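Just below is one structure, and these are the notes that go with it.
No lab work stands behind these numbers, since they all come straight from the coordinates. Everything quoted here is computed from the prediction, not taken from an experiment. As a convention, Cβ positions derive from the backbone with ideal geometry for all residues, glycine included, and neighbour counts pool all protein chains shown.
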């Protein structure tokens, strides 16, 4: 896994994250990263909704390999 601070701008990454009080585990693409405020903007892969999440609520950051299918 990759540390959120080590991701390369312009590459595509995804991660698992927790959202809200229920803290249900979800999976999404990382759209933006704000290092100063320690926030990421994510697009949930199951609903396509976008969320802003703290660095503390994300894990398993990894690069996305796009496959033509």
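Exposure proxy shown here: for 68, 34, 3, the number of other Cβ atoms within 10 Å sets the order, fewest to most, as 68, 3, 34. In percent, how large is the relative contact order of the chain, given Cα pairs closer than 8 Å and 6 or more residues apart? Reported as a whole number, the value is 34 percent. Counting beta carbons within 10 Å around each of 61, 52 and listing the fewest first gives the order 52, 61.
Label positions at residue 37 and residue 12, each projected 7 Å from the Cα along the C-beta direction, are separated by 2.6 nm.
Kindly identify segment 1-44 as rounded, prolate or oblate by the Cα gyration tensor criterion: order the square roots of the eigenvalues as a ≥ b ≥ c, call it rounded if a/c is under 1.5, otherwise compare a/b with b/c, prolate if a/b is larger, else oblate. Prolate is the answer for segment 1-44, as a/c is 1.5 or above and a/b outweighs b/c. From least to most packed, judged by other beta carbons within 10 angstrom and beginning with the fewest, 32, 19, 42 follow the order 32, 19, 42. Taking label points 7 Å from Cα along the Cα-to-Cβ direction, residue 48 and residue 66 give a separation of 1.7 nm.
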